[in-house]
Amino acid sequence: MNYWIIYGILSATFWGVYTIFSKVLTSEKYLKVGTETSALFMLLGIMVVFASYFLIKANLETNLKIIASVLVLVVFIFFLFCITKTGIVLTPQIIFFGLGQGALWALGMVFTFLAFKSGAEAAKLVPLYNTNTLIAILIGIIFLNEVPDEKIKIIAGGSLIIIGGILISN
């Protein structure tokens, strides 16, 4: 089986959901977090995922893994402290969507790395993971009630994305 296809679909899914998390976090309609704070939250989410992945996969001694974990935790707490100094009240929703956007993006990258490692060709993988657009559209329509005026164009474009994903994965 071509695992790269599964990894590509997972990348697309994580990146499609990440887009919605970013919208909920920054949109005036939802949580209204500034872009600079959103970017810092994203960095924290990315750091946690990449550091965790490295620490799980790395062949390090246990005491080095503990030290690295403590350092990641210290940086995490420091940045959360900095965010509170901007006047943002950290609610559970802001923390969830803020860290979530970075974690989802980083997970998309991890699965992209895994796809390339398992033999994916860029010419096939890139169109597949770019179906994240379709995922973001569907989530926006279903969960955010963003019903576009041009329904026919959205359906046609989405259909072409699906057809393209199927064509390149074969």
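The values are calculated or read from the model by the stated rules, or taken from the named source; none is laboratory data. Keep in mind it's a predicted model, so treat the numbers as computed, not measured. Ideal geometry is used to build each Cβ from the backbone, glycine not excepted, and the neighbour counts take in all protein chains shown.
For this structure, a couple of remarks:
- Evaluation of MET109 against the conditions (1) surrounded by fewer than 20 Cβ atoms within 10 Å (Cβ to Cβ); (2) among the hydrophobic types (A, V, I, L, M, F, W, C); (3) within 30 Å of ASN170 (Cβ to Cβ); (4) more than 14 Å from the chain's Cα centre (by Cα) shows that the sole unmet condition is (4).
- Just one of the listed residues (ASN2, ASN59) is farther than 30 Å from LEU138 by Cα and either polar (S, T, N, Q) or modelled with pLDDT of 95 or more (or both), and it is ASN59.
- Filter result for TYR18 (within 13 Å of PHE97 (Cα to Cα), part of a loop (DSSP other than H, G, I, E, B) and hydroxyl-bearing (Ser, Thr, Tyr)): no
- Sole exception among (1) surrounded by 12 or more Cβ atoms within 10 Å (Cβ to Cβ); (2) under 21 Å from LEU43 (Cα atoms) for GLY157, by number: (2)
- For ILE137: the one exception among (1) touching a Gly at 6+ places or on another chain (Cβ under 8 Å); (2) outside any helix (DSSP H, G or I); (3) without any contact (Cβ under 8 Å) to a residue 40 or more places away in the chain: (2)
- Where LEU144 falls short, out of the listed (1) of a type in the set (A, V, I, L, M, F, W, C); (2) modelled with pLDDT of 90 or more; (3) surrounded by 18 or more Cβ atoms within 10 Å (Cβ to Cβ): (3)
- Residue in the range 142-156 that is nearest to SER22 (Cα to Cα), counting only those that are part of a helix (DSSP H, G or I) and without any contact (Cβ under 8 Å) to a residue 12 or more places away in the chain: ILE142
- Matching residues in the range 78-93 - criterion: being of a type in the set (A, V, I, L, M) and touching a residue at least 24 places away in the same chain (Cβ under 8 Å): LEU80, ILE83, ILE88
- Index of the failed condition, THR62 passing every other in (1) under 24 Å from TRP15 (Cα atoms); (2) over 18 Å from the mean Cα position of the chain (by Cα); (3) of a type in the set (Ser, Thr, Tyr): (1)
- Selection count, the range 77-95, where residues are crowded, with 16+ Cβ neighbours inside 10 Å and assigned to a helix (DSSP H, G or I): 3
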